[in-house]
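**Student:** Take this structure first; my questions come after.
The values are calculated or read from the model by the stated rules, or taken from the named source; none is laboratory data. Remember, it's a predicted structure, so these values are computed and weren't measured experimentally. Cβ: placed from backbone, ideal geometry, glycine included. Neighbour counts: every protein chain shown.
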Amino acid sequence: MQLSRRVILGAPLGLATPALAQSGPIRLVVGFPPGGSTDLVARLLQPAIAQAYGVAVVVENRPGASAALGAQVVARAPGDGNTWAVVFDTHVVNPVLIPNLGFDTKRDLAPVLLVGTTPNLIMAHKTRPWQNWQQLLEAARARPDTITYGTIGNGSLAHLGMSIAQKNGNFVVQHVPYRGGGPLVTAAATGEADLYVTTPTAFATPLREGMVRPLASAGAERFAGAPDVPTLAELGIPGVDARAFWGVLAPASTPEPIRKRMEDVLRAALQGPELRGRLTEQLGVKVSGAGAEEFGRFLDEQMETWARVVREYNIRPD
C-alpha cells in the first residue's frame, strides 16, 4: 500500500474555524518503523486530516523501546495542535514494562480517539506442518521450547497473550521478538520463525498471499475476516483476550477545543465509506471511533489488566 508521506490538499472542511486554524505542518508520530500496522493506520488517516485542516500532514516514524520513544516525543511537544501520536497496544504496557520511561503516560498524554481494535492471530508459516491448533499443541508439548513464535516485541499484547496461553494450555514455545510489524513481515517472507502472533492488520499481505495460515484467535472473539478460525477459549485455553488497538493521543497541554476538533475530524473520517472500507476490508480493523472520555476509560482498563500480567510473568523489555 503506497500512501505518500506528505499530503497537501485544498480548502478545509466545515469543521475548521479561524480560532482553531493550524499553521502546520501537522505531525502524526508513530513509534514503529514503516510497514507495520500502526504506520499503515497513520497513513490512512493522513489524507483525511490534511483535507480537514488544509495543511501538510507528515507521518513521522520514531521507532524504539516498544513505541515509547515516539510517545515521548509527543508527550514533550508543545500543545499547539501540530503534534499527535498514533499509538498501538504497547502503549498500555510500557508504563509498567519500561523503568524510567521519561514521561508519565496518564499525566503527559491525553486520549483523543480510539480508531479500532482487532484480535491477534496465531499463525503458522506455510512451510510448517501444523494444519490446526491441536496439531501445533501436540508438537509443542512433545518438544517443549523448540517451536518459535515471532511478535513485534517484548511486552506487546501478542507476547503477553501467548504467555498466558502457554501457562493455561500447558505448552511451551520460544519467543522471538522483532522490532515492529515491518520487520516481522519481512521475517515471515523467509519463514524465520515457526509461528507469528500479530494482527491481521500487520499481516494483511502474508495472509492474502497464503504465506501463513491462522490457527487460532488470541482475542475474546473470532476475527471477522477469518470466521472459521476459533478463539483460544473455544479451543480449551481460557483467559486470553489480546486485542490490539490503535488510537490517537495529544500532548496533555493541548487545549480541549483543539483536541475536540481533532476528535471530530477523525470520527467523521472513520464514518466515510472509503476510509472505513480500507480499515475494515483491507486491514481487518474493527472500527470504533470512541471519543476522548470512552477511549480514556479503555486505556485505564487496559493498563491495569496488562500491568498485572507483566508482573505475574516477570516480563522484561527487549
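**Student:** Going through the stretch 56-68 one residue at a time, which ones are small (G, A, S) and part of a loop (DSSP other than H, G, I, E, B)?
**Tutor:** Of everything in the stretch 56-68, those that are small (G, A, S) and part of a loop (DSSP other than H, G, I, E, B) turn out to be A56, G64.
**Student:** Now, a different point. May I ask you to say which residue of G10, G35 is within 26 Å of A68 (Cα to Cα) and either at pLDDT 90 or above or assigned to a loop (DSSP other than H, G, I, E, B) (or both)?
**Tutor:** Unique residue meeting the criteria: G35.
**Student:** Here is a check on your reading of the model: is E221 within 30 Å of P111 (Cβ to Cβ), of a type outside the set (S, T, Y) and surrounded by fewer than 18 Cβ atoms within 10 Å (Cβ to Cβ)? Talk me through it step by step, then tell me what you get.
**Tutor:** Values: within 30 Å of P111 (Cβ to Cβ): yes; of a type outside the set (S, T, Y): yes; surrounded by fewer than 18 Cβ atoms within 10 Å (Cβ to Cβ): yes.
Answer is yes for this residue.
**Student:** Scan the stretch 47-56 and tell me whether some residue there is within 17 Å of L270 (Cβ to Cβ), polar (S, T, N, Q) and over 14 Å from the mean Cα position of the chain (by Cα).
**Tutor:** yes
**Student:** Another question, then. Looking at the stretch 160-197 only, could you name the residues that are modelled with pLDDT under 95 and in contact with a Leu (Cβ under 9 Å, 6 or more places away or on another chain)?
**Tutor:** Y178, G181
**Student:** Given the criterion touching a residue at least 24 places away in the same chain (Cβ under 8 Å) and farther than 30 Å from L136 by Cα, identify the matching residue among V240, V248.
**Tutor:** On the way: V240 fails: farther than 30 Å from L136 by Cα.
Among V240, V248, only V248 is touching a residue at least 24 places away in the same chain (Cβ under 8 Å) and farther than 30 Å from L136 by Cα.
**Student:** Inspect the stretch 173-187 for any residue being more than 18 Å from P33 (Cα to Cα), crowded, with 17+ Cβ neighbours inside 10 Å and of a type in the set (F, W, Y) and give the result as yes or no.
**Tutor:** In the first step, residues of the stretch 173-187 are kept if they are more than 18 Å from P33 (Cα to Cα); the result is 173-175.
Pick out the ones that are also crowded, with 17+ Cβ neighbours inside 10 Å and you get 173, 175.
Checking the rest, the ones that are also of a type in the set (F, W, Y) come to none.
Within the stretch 173-187, not a single residue is more than 18 Å from P33 (Cα to Cα), crowded, with 17+ Cβ neighbours inside 10 Å and of a type in the set (F, W, Y).
**Student:** Sort out for me the helices (runs of 4 or more DSSP H) sitting completely within the stretch 203-318 that have 2 or more residues that are closer than 29 Å to T186 by Cα. Break it down stepwise before answering.
**Tutor:** On the way: elements: 204-208, 256-271, 273-277, 292-312.
Passing ranges, in order: 204-208, 273-277, 292-312.
**Student:** Considering the stretch 157-189 alone, what residues qualify as being part of a helix (DSSP H, G or I), over 18 Å from Q302 (Cα atoms) and under 19 Å from the mean Cα position of the chain (by Cα)?
**Tutor:** Correct list: G181, G182, P183, L184, V185, T186, A187, A188.
**Student:** Going by what's in this entry, would V265 be described as of a type in the set (A, V, I, L, M), more than 18 Å from the chain's Cα centre (by Cα) and in the same structural domain as G81 (by TED's automatic domain parsing)?
**Tutor:** Against the criterion (of a type in the set (A, V, I, L, M), more than 18 Å from the chain's Cα centre (by Cα) and in the same structural domain as G81 (by TED's automatic domain parsing)), V265 qualifies.
**Student:** Has the stretch 138-151 got at least one residue that is of a type outside the set (S, T, N, Q) and in contact (Cβ under 8 Å) with a residue 60 or more places away in the chain?
**Tutor:** No: zero hits.
**Student:** Going through the stretch 241-257 one residue at a time, which ones are crowded, with 23+ Cβ neighbours inside 10 Å and polar (S, T, N, Q)?
**Tutor:** T254
**Student:** Within the stretch 122-141, take every residue that is surrounded by 14 or more Cβ atoms within 10 Å (Cβ to Cβ) and either of a type in the set (V, I, T) or out of contact with any helix residue (DSSP H, G or I) (no Cβ under 8 Å at 6 or more places or on another chain) (or both) and give me the one that is farthest from Q174 (Cα to Cα). Explain how you work it out, then say what you get.
**Tutor:** To start, the set of residues in the stretch 122-141 that are surrounded by 14 or more Cβ atoms within 10 Å (Cβ to Cβ) comprises 122-125, 128, 130, 132-133, 135-137, 139-140.
When the remaining residues are screened for being either of a type in the set (V, I, T) or out of contact with any helix residue (DSSP H, G or I) (no Cβ under 8 Å at 6 or more places or on another chain) (or both), the result is 122, 128, 132-133, 135-136, 139-140.
Numbers: I122: 14, R128: 15, N132: 19, W133: 17, Q135: 17, L136: 13, A139: 13, A140: 10 Å.
Checking each candidate, the answer is N132.
**Student:** Residues of the stretch 129-155 being of a type outside the set (S, T, Y) and assigned to a loop (DSSP other than H, G, I, E, B), which ones?
**Tutor:** The answer is P129, W130, Q131, N132, R143, P144, D145, I147, I152, G153, N154, G155.
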